[in-house]
Amino acid sequence: MTALFNALVRVLQLLCVALFASLVIVVVLQVFTRQVLQSPLTWTTPTAQYLFVWLALAGTALLFGLKEHIAVDFLMGVIGLHKSKALEIGIHSLAFLFSAAVLVYGGTRGVFLTWSQNISGFPLSFGMVFLMLPLAGLITCYFSFYHIVEASHGRGLPDDHPDDIPEVA
């Protein structure tokens, strides 16, 4: 299970770097063609928008897997139960349910509903673009399940890395 976790983290890291680099290139190209050549490329705007959405979803899944998502850290710090198995399992169970219901189920419905809707001036359909929703949801569900299993065995609890928990006054 740890090998799959590490592989997913590495793939998401590489995907985020590739998406960010592509986003920078597309935006620079968009600005150059609009400002210098006075002839903007029509495909750069939707491409930049969808690259940004994909980057946000992949980055969120990655950060959740690494337990770097701000909501998780903040909640642990506010409640003050830094060493609680129950809190760790509860937080990741809620994240699993949210990811399964909203991202996987809702995202899959969105993909099917929009699969044949074309984006003007873009070679992909909305459904193809929305595929990142259920994919990020599945990855987040796996990470949540992984963290639940780890916490139930007493591993990966915040007290394993006390510097990771922010102090709340």
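Sort Phe32, Phe98, Phe122 from largest to smallest accessible area, using a 1.4 Å probe on the heavy atoms of the protein chains.
Details: Phe32 95, Phe98 120, Phe122 35 Å².
From most exposed to least exposed: Phe98, Phe32, Phe122.
Under the Karplus relation 6.51 cos²θ - 1.76 cosθ + 1.60, θ = phi - 60°, what is the ordered set of whole-Hz ³J(HN,Hα) values for region 87-98, x standing for Gly and Pro?
Those phi angles translate into 5, 4, 5, x, 4, 6, 5, 5, 5, 4, 4, 4 Hz.
What FRET efficiency do you get for Gln117 and Lys85 if R0 is 35 Å and r is their Cβ-Cβ distance, rounded to the nearest 0.05?
Calculated transfer efficiency: 0.15.
Quick one: order Met128, Met1 from most to least accessible surface, probe 1.4 Å. Kindly include the intermediate steps, with their values, before the conclusion.
Values: Met128 75, Met1 100 Å².
Per-residue accessible area, sorted high to low, gives Met1, Met128.
The values are calculated or read from the model by the stated rules, or taken from the named source; none is laboratory data. If you're wondering where the values come from, they're calculated on a predicted model, not measured in any experiment. Heads up, the Cβs are rebuilt from the backbone with ideal geometry, glycines too, and the neighbour counts pull from every protein chain shown. Protein only, heavy atoms only, side chains kept; ligands, DNA and RNA dropped before computing areas. Shrake-Rupley method; radii C 1.70, N 1.55, O 1.52, S 1.80 Å.
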